[in-house]
Amino acid sequence: MVLGWHENLPKDEIPPRNIWWSGKLLDEWFEDVERRRKKKSSGKSSTYDEADEVPSMGNQLAEEAREKLIPR
């Protein structure tokens, strides 16, 4: 679990080592992290949230493979 924190969380969201042993303190830590995230993102919205269509990237290799299998 600790390795997952280091791989998936920003440094300022990783709990300090002295509370790793306590489920209660960890719960409180992550509740605080969640509050900070909400405070940061409050009022901000992504342009993708409002978009009808979200652009996607093409995959040239997949398109070439499809052309070989199903010529147009």
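Read the figures in this text as sums done on the coordinates, not as results from a lab. Everything numeric here is computed off the predicted structure, so don't read it as measured data.
Residues with amide H under 5 Å of I14's amide H, sequence separation 5 or more or different chain, H placed in the peptide plane at 1.01 Å from N; which?
none
Explain nothing, just compute: Karplus ³J(HN,Hα) = 6.51 cos²θ - 1.76 cosθ + 1.60, θ = phi - 60°, for every residue of region 5-10 in order, whole Hz, x for Gly and Pro.
These are the phi-based 3J(HN,Hα) values: 4, 5, 7, 10, 10, x Hz.
Please give every one of the lysines within straight-line cross-link reach of K39, meaning a C-alpha to C-alpha distance under 23 Å, and leave out same-chain neighbours fewer than 8 residues apart.
K11, K24
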